[in-house]
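Structure record follows, encoded as structure tokens.
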Amino acid sequence: MRRLTLILAAAFLVAGADSASGQMVKAGVQGGLNLATADVKGDLFTEDVGTRTGFHFGITGWVDLTEHFAVRVDAMYSQKGFGKGDGDLALAVNYVEIPLYFVLQIPATIKPYLLLGVVLGLESGCSVSTATETDVPCADVVQAPQTKGADSGLVFGLGAETKFGPGFIFADAIYNYGLTDISEPSLQVESIKTRTFYLSLGYLFNIGNTSQ
């Protein structure tokens, strides 16, 4: 994770040095649908856990370094975890997430873009549902997975942006591949790594331009 962060930071600096015109700074809001599951190991789970349908919302900021490259940072509330699937246990774990993206974009009326970045999540809540109970705090169930309080991952996806009214509307589809084992070690739980797909819609305002 540290090496990937350094590589992305170097790419941002190169793109910024290549800028031949003023940099556009945009900020706005976004929200959308989460389809969350996990890669799980341990006697407590079946091999095929289910999908948890949730949502995310938050704020976003973009800096267009050149016509083709941008940096994007989000801060959002995000619902993750997994459904029961073939088993009797579902996990609902929620985070405040901060993704940092490197954006490759193609100038056009409807501007397509690709994203690659890293994300850090700080846990804001954890609950489980079993065959007999629903939405019970993880700490109150002895056999439930106990989480570490943080998550991190690699994020990548695609989207498009276009002028709309005084600002810009954008939509994207992003996959969050969790790299951190979010579970505390136990006899029944070996590891839990999140896997989350986001569908987002947002709106940006141009809040300034910087030029030499």
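The values are calculated or read from the model by the stated rules, or taken from the named source; none is laboratory data. Not measured: the values here are computed from a predicted model. FYI the Cβ positions are ideal-geometry reconstructions off the backbone, even for glycines, and counts take in every protein chain you see. Side chains included, ligands, DNA and RNA excluded: accessible areas come from the protein's heavy atoms. Shrake-Rupley method; radii C 1.70, N 1.55, O 1.52, S 1.80 Å.
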By how many degrees, 0 to 90 and rounded to 10, does the Cα axis of helix 2-17 deviate from the longest principal axis of the chain? 10 degrees
In a Debye calculation with equal point scatterers on the alpha-carbon sites of segment 57-139 and no solvent, what is log10 I(q)/I(0) at q = 0.11, 0.16, 0.18, 0.27 Å⁻¹? -0.47, -0.72, -0.79, -1.20
Could you give the length gained by full extension between residue 162 and residue 148, i.e. 0.36 nm per residue of separation minus their alpha carbon distance, to one decimal place? 1.1 nm
How large is ³J(HN,Hα), in whole Hz, for each residue of segment 50-57 in order, when computed from phi with the Karplus curve 6.51 cos²θ - 1.76 cosθ + 1.60 and θ = phi - 60°, using x for Gly and Pro? x, 9, 9, 8, x, 8, 9, 7
Cα-based radius of gyration of the chain once divided by 2.2 N^0.38 Å, which approximates compact folds: 1.13
Per residue, what accessible area does the chain have, given a 1.4 Å probe and all protein chains present, in Å²? 50 Å²
After finding the eigenvalues of the alpha carbon gyration tensor for segment 102-173, what semi-axes result from the square roots of 5 times each, listed largest first in whole Å? 40, 15, 10
What residue among 70, 38, 139 has the largest mean-square fluctuation in a Gaussian network model of the chain, using Cα springs under 10 Å? 139
With an 8 Å Cα cut-off and a minimum separation of 6 or more residues, compute the relative contact order for the chain in percent. 23 percent
Burial order of peptide ranges 103-110, 166-173 (average beta-carbon count within 10 Å, highest first): 166-173, 103-110
Residue 136 paired with residue 57, simple spin-label distance in nm, labels 7 Å along Cα-to-beta-carbon: 3.1 nm
Of all accessible heavy-atom area on the chain, the percent that carbon and sulfur account for (1.4 Å): 63 percent
Going down the table (26/80; 80/148; 26/111; 80/111), which pairs top 22 Å between alpha carbons? 26/80; 80/111
